[in-house]
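Below is one structure; the comments refer to it alone.
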Amino acid sequence: MASGFLIFISFFTRIPIGRKIEYNEEKFKKALSIYTLMGAVIGLLLSLIYLIFNSIHIVFIRGLILVIGYIVITGGIHLDGAADTADGLFSGRTGEKIFDIMSDSHIGAFGVLCLVIIVLSQFVVFSFSDIFTCFMMPVVGRASLIVGAWNKKYAKHTKGMGTAFIESIDTRVLIINLMILTVFSIMSPRRLIIITSAFATLMASYFISGLIEDKIGGMTGDTCGFITEISQIIFMILVLFLKG
């Protein structure tokens, strides 16, 4: 499981781990139960950035640095998936044509709009969020992806890492990841707000993934990135709203 977790860090972030990690599907699948812990690693780094720049009185500068930090840490991998998903789902096409658009290396108008909305939203919510929300954001994002991909099939005919991820998320994996999320939520000083916002975000993610499934017959690696990014924004907005 530890080896599988290192695969997550190697493939889904740009965090240096000191050695080259080879992809192993069995280890990858076994580590899915602790996938949400990767969010905690990202959250710790975001918290460190927050602490370093907390003395800056202009909150928008701190918000900008946090957005840049998040993109650097993750390598923008989920942003890429979100843009491809937007291009495909909002293209007005059906069937395999959607997958062709999502697989195209060129970004379209809907992809650009999606990226602008996500990055701008992150900039705003990061600017007004506290350190605990910054930490919980990627934790909730990864847990939301587990919820969104649970009980779904891989939509494309071709097989790959996305297939192993999506089709290996069973009820056991779901429950363990939700337990990890719950533990971190309870540890937060604003636990009631965090728990409420996280639960609402999980429900929204499952609903969105259901709409995606209706459109393309399941989930793909790109739609996983879309769910991750959208759920994180939903969570942070809800926290700010409940805090008043």
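The values are calculated or read from the model by the stated rules, or taken from the named source; none is laboratory data. Here the structure is a predicted model, which means the values were calculated and not measured. As a convention, Cβ positions derive from the backbone with ideal geometry for all residues, glycine included, and neighbour counts pool all protein chains shown.
You will find that of Ile42, Ile49, the residue that is over 23 Å from Ser209 (Cα atoms), in contact with a Pro (Cβ under 7 Å, 6 or more places away or on another chain), β-branched (Val, Ile, Thr) and touching a residue at least 12 places away in the same chain (Cβ under 8 Å) is Ile42 and no other. Taking the numbered list (1) in contact with a helix residue (DSSP H, G or I) (Cβ under 6 Å, 6 or more places away or on another chain); (2) assigned to a helix (DSSP H, G or I); (3) under 29 Å from Ile65 (Cα atoms) in turn, Ile107 passes all entries but (2). Taking segment 156-186 as the range and being part of a loop (DSSP other than H, G, I, E, B), at pLDDT 90 or above and touching a helix residue (DSSP H, G or I) at 6+ places or on another chain (Cβ under 7 Å) as the test, the residues that pass are Ser168, Ile169.
The residues of segment 172-216 that are β-branched (Val, Ile, Thr) and free of Cβ contacts under 8 Å to residues at least 12 places away in the same chain, listed by number, are Ile175, Val183, Ile186.
Leu66 passes every criterion in (1) in contact (Cβ under 8 Å) with a residue 40 or more places away in the chain; (2) surrounded by 15 or more Cβ atoms within 10 Å (Cβ to Cβ); (3) under 14 Å from the mean Cα position of the chain (by Cα) apart from (3). When segment 77-111 is limited to residues that are hydroxyl-bearing (Ser, Thr, Tyr) and without any contact (Cβ under 8 Å) to a residue 24 or more places away in the chain, the one that is surrounded by the most Cβ atoms within 10 Å (Cβ to Cβ) turns out to be Ser91.
Considered as a group, the residues in segment 131-155 that are at pLDDT 95 or above and not hydrophobic (A, V, I, L, M, F, W, C) include one that is farthest from the chain's Cα centre (by Cα), and that residue is Thr133. Criterion first (closer than 20 Å to Gly210 by Cα and crowded, with 21+ Cβ neighbours inside 10 Å) does Ile169 satisfy it? Here the answer is yes, as Ile169 does meet what is asked. Sort out which residues of segment 199-224 are in a helix (DSSP H, G or I), small (Gly, Ala, Ser) and either at pLDDT 95 or above or more than 22 Å from Gln122 (Cβ to Cβ) (or both), and write them in order of number. Matches in segment 199-224: Ala200, Ala204, Ser205, Ser209, Gly210.
Taking the conditions exactly as written (in contact with an Asp or Glu (Cβ under 6 Å, 6 or more places away or on another chain) and farther than 23 Å from Ile52 by Cα), does Ile180 satisfy them or not? It is false that Ile180 is in contact with an Asp or Glu (Cβ under 6 Å, 6 or more places away or on another chain) and farther than 23 Å from Ile52 by Cα.
Pairs linking a residue in segment 1-20 that is under 15 Å from Phe165 (Cβ atoms) to a residue that is of a type in the set (Phe, Trp, Tyr), with Cβ atoms under 8 Å and 6 or more positions apart or on different chains, are Gly4/Phe28; Ile7/Tyr23; Ile7/Phe28; Phe8/Phe28; Phe8/Tyr35; Phe11/Tyr23.
Is there a residue in segment 112-126 that is modelled with pLDDT under 95, more than 18 Å from the chain's Cα centre (by Cα), of a type outside the set (S, T, N, Q) and surrounded by fewer than 18 Cβ atoms within 10 Å (Cβ to Cβ)? No, there is no match, as no residue in segment 112-126 is modelled with pLDDT under 95, more than 18 Å from the chain's Cα centre (by Cα), of a type outside the set (S, T, N, Q) and surrounded by fewer than 18 Cβ atoms within 10 Å (Cβ to Cβ).
Entry remark, segment 59-98: residues being in a helix (DSSP H, G or I), touching a helix residue (DSSP H, G or I) at 6+ places or on another chain (Cβ under 6 Å), within 17 Å of Gly218 (Cα to Cα) and not aliphatic (A, V, I, L, M) number 5 in total.
Go through (1) within 29 Å of Gly218 (Cα to Cα); (2) aliphatic (A, V, I, L, M); (3) not in a helix (DSSP H, G or I) and name the single condition Ile56 misses. Ile56 satisfies every listed condition except (1).
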